[in-house]
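Colleague: Let me give you the structure first, and then I'll get to my questions.
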Amino acid sequence: MQKLLFSGLTGAIFGLGIAISGMANPAKVLNFFDVAGSWDPSLIFVMGGALITTAIGYRLVFGARARPVFDTEFHLPVNKTIDARLLTGSAAFGVGWGIAGFCPGGAIPALGFGGIEVIAFMGAMVIGIVLARAVDGLRHKPAKAF
Amino acid sequence: METDFTPWMSLGGGVLIGLSAILLMALNGRIAGMTGILTGIIPPFSTDWAWRIAFLAGAVIAPVIFLRSGGTIPYAVPVSLPLLALGGLIVGAGVYYGAGCTSGHGVCGMARLSPRSIAATVTFMIATGVTVYVVRHIAGA
């Protein structure tokens with residue numbers, strides 16, 4: 001129960017951060033990438049602030065604790081391979097982000113206030129994940145959980 | 001469509017995103033990647049789905065509370081519904097195969113100096129920039 005409460009609070013901090021940063025605003029996100037047009041460099045400060053904070057905080061956490069509060073181990077990705085799957089998937093994600101202006105972390109906090117546009121994006125995104133997982137399951141053994 | 005340059009709000013929001021990532025690691029031992037958290041609650045469920053639902057619910061509710069308390073969140077979607085759906089489909093397939101998105105690779109993975117996340121982030125940032133250029137300045141949308 002405690003774990004759920006704190007998970008909800010942690011999510012709330014994430015959602016508020018995304019919302020006030022501008023990452024949930026497709027107009028702003030697309031302008032960040034539109035260097036040749038109506039450029040808005042604000043998102044450099046989002047990425048910079050998030051990255052520096054996380055880099056410092058992770059060091060403190062890993063230095064201070066052998067295990068997390070509510071689990072027996074830190075679940076860190078073990079895959080180290082930079083392969084075609086990673087790069088093709090990431091390139092496709094970029095194409096979709098450039099078309100829609102929403103990324104997953106930007107869209108989720110917009111669900112509560114964003115209306116039909118973000119619902120359309122999220123619905124299609126979930127279908128995209130389900131389809132990709134189904135195709136992947138046919139071709140390979142099921143992908144391991146994140 | 002022009003948007004205001006908001007360095008302080010964006011920096012503040014970025015720091016909050018970072019704090020959330022630190023807390024999720026310290027408490028649950030998990031990467032704050034939205035692709036991973038969301039994928040875990042799309043059937044077939046992962047075994048530990050409950051904290052994911054709680055996290056996502058918090059992320060959806062917090063901006064609503066902020067708005068109701070008098071805060072403002074600038075928001076505009078200069079994209080048609082068919083293109084939003086097309087973009088969503090491609091994002092879904094892309095983050096599945098890429099095993100992460102802006103939060104998982106771009107923030108958490110980069111903060112760990114993970115070579116995979118650095119490669120992924122550089123790739124999707126370039127792809128997004130090229131796509132926006134093509135859509136806005138070549139296709140002329």
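Just so it is clear, none of the values below were taken in a lab; they were calculated from the coordinates. Keep in mind it's a predicted model, so treat the numbers as computed, not measured. Here the Cβ is made from the backbone with ideal geometry for all residues, glycine too, and neighbour counts use every protein chain on show.
Colleague: Most mobile of A:105, A:94, A:123 per a Gaussian network model of chain A (Cα springs, under 10 Å)?
Modeller: Result for chain A, Cα springs under 10 Å: A:123 fluctuates most.
Colleague: Shape of region B:22-141 from its Cα gyration tensor (a ≥ b ≥ c, root eigenvalues): rounded if a/c is under 1.5, otherwise prolate when a/b > b/c, or oblate?
Modeller: Judged from the Cα gyration tensor, region B:22-141 comes out oblate (a/c at least 1.5, b/c at or above a/b).
Colleague: Apply 1/(1 + (r/R0)^6) to the Cβ-Cβ distance of residue A:127 and residue A:82, taking R0 = 25 Å, and write down the FRET efficiency to the nearest 0.05.
Modeller: It comes to 0.35.
Colleague: Quote the charge dipole size of region A:2-139 about the Cα centre in Debye, to the nearest 20; the model charges only the Cβ of Lys and Arg (+1) and of Asp and Glu (-1).
Modeller: In debye, rounded to 20, region A:2-139 gives about 420.
Colleague: Same structure again: Would any residue of region B:50-71 have its amide N under 17 Å from a label point 7 Å out along Cα→Cβ of residue B:41? List them or say none.
Modeller: Within reach of a label on residue B:41, which here means backbone N under 17 Å from a point 7 Å along Cα→Cβ, region B:50-71 contributes B:50-65.
Colleague: When only C-alpha pairs under 8 Å and at least 6 residues apart count, what is the relative contact order of region A:1-92, in percent?
Modeller: This gives 13 percent for region A:1-92.
Colleague: Assign one of three labels to the protein assembly as shown, namely rounded, prolate or oblate, based on the Cα gyration tensor with a ≥ b ≥ c the square roots of its eigenvalues; rounded applies when a/c is under 1.5, prolate when it is not and a/b is larger than b/c, and oblate otherwise.
Modeller: It is rounded, given that a/c, with a ≥ b ≥ c, falls under 1.5.
Colleague: Mind checking which of A:46, A:35, A:135 has the largest fluctuation in a GNM of chain A, springs on alpha carbons under 10 Å?
Modeller: For chain A, modelled as a Gaussian network with Cα springs under 10 Å, the answer is A:135.
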